[in-house]
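Right, one structure below, let's go through it.
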Amino acid sequence: MLAGLAHMPFLPVKLAPSQTLPEMSVNCNLSSNAARMVEMGAASNLEAMFARIKGVESIRSTSGIGWGHINIRFNKHTDKISQIFLTVISTVLGFIPFMAGQYKEAFWFPLAAGTIGGLVVSLFGTFCFLPLFIGVAKRVKS
């Protein structure tokens, strides 16, 4: 822990984040189909699915003969903390059946115990220590 604190000033922490929004691009290839068929068959269906995702700011698509390109921009302030929390909780709940019961199998019980323990500790570290270290790094830089 002391070694970690000693190396805090050397961490590549970006104090002024870039202004670009998170983006994702999707390309589809429907060889030798007309642009209208690509748009109706693939691009419009994918756009409808992407529009359901929380935090999508804009969707732009282009289609040509045999190809389609969709560009999705996400809101800069999309709530990532709840996504991390829900992923960890669902994984922990998925391993509970391997921990419960009268038969403790030699492979599944230790795997479940180690995974649950690691995820709980990593959740604690993500929500407690990471903000603390970033705050320390900001004070050291200024």
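The values are calculated or read from the model by the stated rules, or taken from the named source; none is laboratory data. Keep in mind the model is a prediction, meaning the values are calculated, not measured. Note that we place each Cβ from the backbone using ideal geometry, even for glycine, and neighbour counts take in every protein chain shown.
Filter segment 101-142 down to the residues that are surrounded by 13 or more Cβ atoms within 10 Å (Cβ to Cβ) and over 24 Å from Thr87 (Cα atoms), then identify the one that is modelled with the highest pLDDT.
Only one residue fits best here, namely Lys104.
Residues Phe74, Phe95: which one is touching a Pro at 6+ places or on another chain (Cβ under 6 Å), crowded, with 16+ Cβ neighbours inside 10 Å and either among the polar types (S, T, N, Q) or at negative phi (or both)? Write out each step before concluding.
Values: Phe95 fails: touching a Pro at 6+ places or on another chain (Cβ under 6 Å).
Exactly one residue qualifies, and that residue is Phe74.
Taking into account only those residues within segment 17-67 that are touching a residue at least 40 places away in the same chain (Cβ under 8 Å) and within 19 Å of the chain's Cα centre (by Cα), which is surrounded by the fewest Cβ atoms within 10 Å (Cβ to Cβ)?
Once the filter is applied, the top-ranked residue is Ser25.
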